Amino acid sequence: MKHDESNANEELPQDMKRRGFLGISGLGLAGGVLGVGLPLQMTATRSLAQGGALDGKDGLDLLNDRPVNAQTPAHLLDDAITPKARHFVRNNGIVPDDTSAEGWMLTVDGLVDQPMKMSIDDLRDQFEVVTMALTLECGGNGRGFFDPPASGNQWTYGAVACSEWTGVMLRDVLEAAGVQDSVVYTGHYGADAHLSGDPEKSPLSRGLPIEKAMTDNVLIAFEMNGEPLHRLNGAPLRLVVPGWPGSCSQKWLTRIELLDHKHDGTKMAAPSYSVPSYPVAPGTDVPLEDFETIHAMPVKSLITHPQDGADVGSEFEVRGHAWAGDRTVQKMEVSSDYGESWQRAELDDPVNAGAWQNWRTTVSLPQSGYFEIWARATDSEGVMQPFAIKWNPKGYLNNSFHKVAVQAKVA
C-alpha cells in the first residue's frame, strides 16, 4: 500500500475539494467578513450535522464532511465520562461500509515469534477484558486560534473526550505473539479508505515506540461506555492510546505490525503530527528535517460550566476537567480578574491512569458586569499551562488557558 503524506483533498475532483474546503475553512472566511468569533461560527454548522453525517451524535459541530470531523462544544463535555453521542469525531479517510463485529479479524505480525489472526470473540476469550476511562485528544485541538493560521481542521476546544473503553491490553496481545528483541516500534493499519478512492493508498497508518505500546493502559477496544463502538469512532475495533495524539489510536483496526525501525506509514513523516525541535517565530517556514514526532500531549484544562456567554449571579460554581499526557495534574487554578489573582480549585484524582481529572470551585464576583473566567492546570512535574500559544506550522499542541465569558448580575 502506498504511503501518502500530502493533503488528501489535493487529489479529489473539484466538487469534492470544494466541499472539503468549505467544511474546514468556509465558516472561518465568513467569520472574518462578518466579524463573529470562532465559537459562534461553529454553531452554524450544527444544521449541517442534521443531514446524516453525524447520525448517533448529539450537539457536535461539524467541521468537515469529507472526511467527517466534528467537535463537541465545551459545555456539552460536562459529564465525568463522555457519552458516546458526545465524543468528538476525527477521521482522515472514508468510514468502512461494513463495521459489523461479525467476521472482523485482527492480524498481529512482523517481528513476532508467533503471528496471530484473531476475531473479536477470540480477543474476548483469550485475554483479560478490562474497562478503563481514557482521555483522547486530537493533536490539533485548539488549532483554530493560531495566528497566522495553520491549515487543517479548525478545532477550538472540543476535540477531546474521556469515555469508558472496554477491550484487552495491547501489551497482553503482543506478549502472546512474542515480541522479538529487535522490535522498537509498532505499525497500525485500519480499514478506512483514502479520500481519492485509490485502494493502494492509506489515509492514516501510525505507530508507537514499543515502550509506549507495552504500557498497561493502551487498549484494543471493542466497547465504548458498555456499548459497541460508534461507527465514526472506529467500530468495531480500535486502539485507544491515552495521553498521546488521537491519531495514534488507529480506528477500524485490522493489523498491528512489529518493526525494528520507526514506522513509516501514512502521516508518520514530518510535518504530520510533528513540531519543530526548537522554538520558532509565528509564520516561520521550518525545514522538514527540523521536525520531531509528537509523543505525550501537554498539560491542559477545560471549563465545562458555566457555558461561555452565560448569565450568572454573584456566586456560582466553575467546573471542568484537566489532563496531562503521560503525567497527572497536581494543581488546578481559576482566575476571574484577568490573571491578577488565582484561586485553587478542588481537584479529583484520575479514576485510573490515562483518565482526565475533574475539578470544581466556587467563584464570587464583586459587582455586576462582564467577567472572564480563566483556568490553568499544573502537571505532576510542575509544568503549568501557558497564557499564550507556542506557534508551530501545523497548529499542534495548543494548551493555552481556556477562558469563558460571563455576564454577572449582582443583587
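What follows draws every value from the coordinates through simple rules; no lab data is involved. Only a predicted model underlies this, so the values are computations on that prediction, with no experimental measurement involved. Cβ: placed from backbone, ideal geometry, glycine included. Neighbour counts: every protein chain shown.
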Handout entry: For the range 178-309, projected area of the alpha-carbon convex hull averaged over all directions, nm²
Key = 12.3
Exercise for the section: Starting from the Cα of VAL184, move 7 Å in the Cα-to-Cβ direction to define the label point; list residues of the range 103-131 whose amide nitrogen is under 19 Å from there. Expected result: 110-112
Problem - Relative contact order [Cα under 8 Å, 6+ residues apart], the chain, whole percent - result: 16
Practice task
Against the globular-protein guess of 2.2 N^0.38 Å, express the Cα radius of gyration of the range 300-408 as a ratio, rounded to two decimals.
Solution key: 1.08
Completion exercise
Going fewest to most other Cβ atoms within 10 Å around each Cβ, THR362, THR72 line up as THR362, THR72
Exercise for the section: Please work out how much length the chain gains when fully extended from SER151 to VAL280, using 0.36 nm per residue of separation minus the C-alpha to C-alpha distance, in nm with one decimal. Expected result: 44.7 nm
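Between ARG360 and SER119, what's the calculated FRET efficiency when r is the beta-carbon distance and R0 is 51 Å? Round to 0.05.
Calculated transfer efficiency: 0.70.
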Exercise for the section: List HIS295, HIS261 from most exposed to least, where exposure is judged by having the fewest other Cβ atoms within 10 Å. Expected result: HIS261, HIS295
Handout entry: Built amide H within the under 5 Å cut-off of ILE294, gap 5+
Key = SER274, VAL275
Handout entry: Overall Cα dimensions of the chain - principal axes, largest extent first, Å
Key = 71, 48, 42
Exercise for the section: Find how many whole Å separate the alpha carbon centroid of the range 211-252 from the alpha carbon centroid of the range 128-180. Expected result: 7
Handout entry: Residue order, fewest to most beta carbons within 10 Å, for LYS300, LYS409
Key = LYS409, LYS300
Handout entry: Extension reserve of the THR293-GLU340 stretch, reckoned as 0.36 nm per residue once the Cα distance is removed
Key = 13.3 nm
Handout entry: Under 5 Å, built H, 5+ apart or other chain: amide partners of GLY309
Key = ALA405, VAL406
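Please state the relative contact order of the range 300-408 as a whole percent: Cα pairs under 8 Å, 6+ residues apart?
Once normalised by length, the contact order is 35 percent.
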Problem - Highest-first arrangement of 106-118, 77-89, where packing means the average Cβ count within 10 Å - result: 77-89, 106-118
Completion exercise
If R0 = 25 Å, then ASP58 and ASP98, at their Cβ-Cβ distance, give a FRET efficiency to the nearest 0.05 of 0.50
Problem - Listed peptides 144-155, 173-184, 232-243 by packing density, highest first (mean Cβ within 10 Å) - result: 232-243, 144-155, 173-184
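Within 13 Å, Cβ to Cβ, of ALA159, how many net charges do the neighbouring residues add up to if Lys/Arg are +1 and Asp/Glu are -1?
Spelling it out: positives minus negatives among the neighbours equals +2.
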Exercise for the section: For the chain, set up a Gaussian network in which alpha carbons nearer than 10 Å are linked by springs, and say which option among GLU292, GLU227, GLU340 fluctuates the most. Expected result: GLU340
Practice task
Mind jotting down the distance between the C-alpha centroids of the range 265-343 and the range 370-409, whole Å?
Solution key: 6
